Amino acid sequence: MRTLTSLIVTLAFSTTAFSENWARYRGENGSGISKDSAVPLTWSSGENIKWKTELPGPGSSSPIVWEDRVYLTCFTGYGGDLGANIEDLKRHLIAIDRNSGEIVWKYSVGSDPLTEDPYEGFLPEHGYASNTPVTDGERIYCFFGKGGVAAVSMDGKELWKKNVGGLHSQKRWGSASSPILLDGKLIVKAGDESRALYAFDAKSGEEVWKAEGSVLEQTYGTPAVHKVSDDRTDLIVAGTGEVWGVNPDTGKLRWFSEIGLTGNISSSPVINGNTMVLFGGFPRTMGVGLKLGLKGDATESSRLWENVDVKAYMTAPLFHDGKLYFIRDEGIACCADPEKGELIYEERLPFDGASRGKGKPFYASPILVNGHIVAVSRTSGTFVIEAKPEFNLVRTNVIDGDDGRFQGTPAVSGGNLFLRSETAVYCVGE
């Protein structure tokens, strides 16, 4: 018979262990900010690794965490050493026990070889599983690119599935935008597949609305949410040369702002209060700062700054204590004033410069953990930088023996950091 004391201890432990679910890409509203202070900031192959789980195939998506499970996606059957027949391509959602690292179940979808992008050019840099899933604790939702959108039960059963098109961008780089949940709706930016933004009823899968726009082609970031007031919330969507403020109930445009970020946009908008920062653009990469919550054509009224020094091509920034922190593509850690778009510092990180491919050295976006910036490079380890306006590289954590590139942004929950490579997922914790 359990005593009252043991029950209280058990309940306290359970509350602490699952006190912060990490339910979507980069956590709450894509901010990249964790409130967890129990995560160790030092790890290696032989230190603070609670478990390592080999994955069935590669992927560049981020893990998410809900209570006692970790979820992430990968692909098998086609691409590089996986196989030469595109009809064998499969995408998977994997559920892992967060305590043991055991794979609990796997949900899989096939592909249409007539619509899939071939494994060539820059597509091998990230593959066919770059979209991070999202969960509300009742279902897990996956955007599999041309493999469609699926809702899966917490025990791995398909609940509904929708096709969102089979178009290609000019570059044929595939898909990367992650779905988000908002007021019972699943929001999916299928810019590559159909040049459209969708809202589905999260429970039934019924299409609520669809907003189309050619500027969504070659945009790979994830939408963000801006609460303007108690009776108004805007869905913030980045397109090529434009940012939209969309009514999430109807899909109608409330405001837009023309910006200097032309070409493909890989990063996601990040919001702090009424300020938004967006990086991207090619061949002219830059950053923009915008004021939010406006109406109509807000090109002039929203503009705070545009700067070719405050920028990154692949990764998103984060806000902390009134400053903006980010990692430039060439491996330079930066801090800036987010209201003025002015650099405070820029310091080169001691990485080896390699990326094992054609792409940039950093694909994962930095996150904030216990007052430190955690920045995962593809092949040179994870850099832990003090989150202060004076640069201080605290340490570099390297996991030896993993030949896969580390391309997914980590997740944080209950004193653990979940880090994935193309070959494995790791639970970091004391």
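The values are calculated or read from the model by the stated rules, or taken from the named source; none is laboratory data. These numbers come from a predicted model, not from an experiment. A quick note on method: Cβ atoms are made from the backbone with ideal geometry, for glycine too, and the neighbour counts reach across all protein chains shown.
Is it true that residue 198 is surrounded by 18 or more Cβ atoms within 10 Å (Cβ to Cβ), within 22 Å of the chain's Cα centre (by Cα), more than 23 Å from residue 317 (Cα to Cα) and not basic (Lys, Arg)?
Yes: the conditions hold for residue 198.
Would you please name the residue that is farthest from the chain's Cα centre (by Cα), looking only at residues in the range 263-304 that are without any contact (Cβ under 8 Å) to a residue 40 or more places away in the chain and at positive phi?
That would be 273.
Consider only pairs whose beta carbons are under 6 Å apart and that are at least six residues apart or on different chains; among these, list those whose first residue lies in the range 55-79 and is under 20 Å from residue 376 (Cβ atoms) and outside the structural domain of residue 406 (by TED's automatic domain parsing) and whose second residue is assigned to a loop (DSSP other than H, G, I, E, B) and among the basic types (Lys, Arg).
70/98
For the range 370-385, name all the residues that are buried (at least 24 other Cβ atoms within 10 Å of the Cβ) and either of a type in the set (A, V, I, L, M, F, W, C) or without any contact (Cβ under 8 Å) to a residue 24 or more places away in the chain (or both).
Result: 373, 374, 375, 376, 383.
Name the strands (runs of 3 or more DSSP E) wholly within the range 52-144 that hold at least 2 residues that are modelled with pLDDT of 95 or more and surrounded by 24 or more Cβ atoms within 10 Å (Cβ to Cβ)?
On the way: elements: 64-66, 69-76, 90-97, 103-109, 139-143.
Answer list for the range 52-144: 64-66, 69-76, 90-97, 139-143.
Can you tell me which residues in the range 145-163 are over 20 Å from the mean Cα position of the chain (by Cα) and assigned to a loop (DSSP other than H, G, I, E, B)? Don't jump to the end; show me each part of the working.
At the first step, the residues of the range 145-163 found to be over 20 Å from the mean Cα position of the chain (by Cα) are 153-163.
Hits for the range 145-163 are 154, 155, 156, 157, 163.
Looking at (1) under 22 Å from the mean Cα position of the chain (by Cα); (2) small (Gly, Ala, Ser); (3) more than 22 Å from residue 70 (Cα to Cα), which is the only condition residue 177 fails?
Every condition holds for residue 177 apart from (3).
The conditions are (1) in contact with a Gly (Cβ under 9 Å, 6 or more places away or on another chain); (2) at positive phi, and residue 387 fails exactly one of them. Which is it?
(2)
So residue 365 clears everything in (1) more than 19 Å from residue 35 (Cα to Cα); (2) in a loop (DSSP other than H, G, I, E, B) except one condition, right? Which one?
Among (1) more than 19 Å from residue 35 (Cα to Cα); (2) in a loop (DSSP other than H, G, I, E, B), the lone unmet condition for residue 365 is (1).
Report, by residue number, each residue of the range 342-362 that is in a loop (DSSP other than H, G, I, E, B) and under 19 Å from residue 32 (Cβ atoms).
Filtering the range 342-362 for residues in a loop (DSSP other than H, G, I, E, B) gives 349-362.
Of everything in the range 342-362, those that are in a loop (DSSP other than H, G, I, E, B) and under 19 Å from residue 32 (Cβ atoms) turn out to be 349, 360, 361, 362.
What pairs come up if the first residue lies in the range 305-332 and is assigned by TED's automatic domain parsing to the domain that holds residue 125 and within 13 Å of residue 266 (Cβ to Cβ), the second is among the small types (Gly, Ala, Ser) and assigned to a strand (DSSP E or B), and their beta carbons are under 8 Å apart, counting only those six or more places apart or on different chains?
Listed pairs, sorted by first residue: none to list.
Here's the yes/no breakdown for (1) among the basic types (Lys, Arg); (2) surrounded by fewer than 17 Cβ atoms within 10 Å (Cβ to Cβ); (3) closer than 22 Å to residue 24 by Cα:
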site	(1), (2), (3)
174	no, no, yes
177	no, no, yes
188	no, no, yes
191	no, no, yes
222	no, no, yes
225	no, no, yes
229	no, yes, no
240	no, no, no
250	no, yes, no
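Identify the single condition in (1) more than 18 Å from residue 316 (Cα to Cα); (2) within 21 Å of the chain's Cα centre (by Cα) that residue 220 does not satisfy, given that it satisfies every other one.
(1)
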